[in-house]
Amino acid sequence: VDSDDTVEPQIYEVLLTYLLDYSADIAHCSYSRIHGDEIKEIGDTGKVFEMNAKDSIDKLLNGGLFTGGVWNKLYKTSVIRDVYFNTKYKINEDILFNFYAFLNSKKIVYIDECHYNYQVSDTSSCIGTDLIRKNEDCYNVSKEIYNQCLKYGYQDIGYQRVSNSRINLYRAYKFYGNKEQRLLCKGLRKSIIDDYDKKKLLGTQR
C-alpha cells in the first residue's frame, strides 16, 4: 500500500475469499480516487470477472477494465516467486511486474468493487518524473513486454502498447527534447509509419 493511501477494512478478506472461491492465482479489486475533498469511484459495478492470462494481459496493457497497480491485488506466492521490480524504471514498473505475474497465472479474478483509496498527490512519481524520462520508461517497458509477448503468441496485444508508446516518445523528443534526442525522431518516425501499416493488418485479426 502506498504510504499516502488507505484501504477499506474488508479489502483482504474480500480478495482472499474470491481467490479461494474461484481457485484463482491473483485477485484484485477496484479503487476510489481521492483528490482533496473530491472522491471518485472507479468502476464499482459489483461485477466479477474471471480471466485467463491472455485476457488479463490484454486489459493490463490496453486498458478498459482495471488499473495496473500492485496495491489492490492479492497474489499467490507461486506466481511472483521469481518476479521482481525493475528498479531502473520510475514509471510503469508496476505494469511490468503484473505482466510477468499474469504470465505465470492460469486464472485471475477481478472484483469491480472499491476497497482501496488512492490519494492523488502532486508529489507522486508519475507527476514528479519529467516528461522525457516518463516516456522513455514507458517505451522501454513496452518493448520488453512486446518481446515477451512474441514468445507466447500475444504479439497483437503487445504491439498496440509499444506502438502507442513510440508515438508518445516521438512527441516528447520532438517538442521537448535536446538536440541529441531530436535527432532520434527520424528513426522513431519511420517506425511509427511502419506501425501504422502493421496495425491495419493486426486490426483485421483481433
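The values are calculated or read from the model by the stated rules, or taken from the named source; none is laboratory data. Values in this document were obtained by computation on a predicted structure and should not be read as measured data. Positions of Cβ are generated from backbone atoms using ideal geometry, with glycine treated the same way; all protein chains shown enter the neighbour counts. Ligands, DNA and RNA are excluded from the accessible area calculation, which covers all protein heavy atoms including side chains. Shrake-Rupley method; radii C 1.70, N 1.55, O 1.52, S 1.80 Å.
Quick notes on this one:
- Simple spin-label estimate for N168 and L183 gives 2.7 nm between the two label positions (7 Å along the Cα-to-Cβ direction from each Cα).
- Rounded if a/c under 1.5, otherwise prolate or oblate - segment 67-201, Cα gyration tensor axes: oblate
- Choice from D44, D156, D194 showing the highest fluctuation, given a GNM over the chain with Cα pairs closer than 10 Å: D194
- The chain, accessible surface, carbon-and-sulfur percent (1.4 angstrom probe): 48 percent
- Candidate aspartates and glutamates for bridging to K134, where Cα separation is under 14 Å - those fewer than 8 sequence places away on the same chain excluded: E93, D94
- Antiparallel %, DSSP beta bridges [both residues in the chain], to 5: 60 percent
- Whole-Hz Karplus values for segment 179-192 come out as 4, 5, 5, 5, 5, 6, 5, 4, x, 5, 4, 4, 5, 5 Hz, taken residue by residue from phi with 6.51 cos²θ - 1.76 cosθ + 1.60 and θ = phi - 60°; glycine and proline positions read x.
- Summary value for the chain: 25 percent relative contact order, contacts being C-alpha pairs under 8 angstrom separated by 6+ residues.
- Lysine pair count for segment 14-94 [Cα-Cα under 28 Å; pairs on different chains or 8 or more apart]: 18
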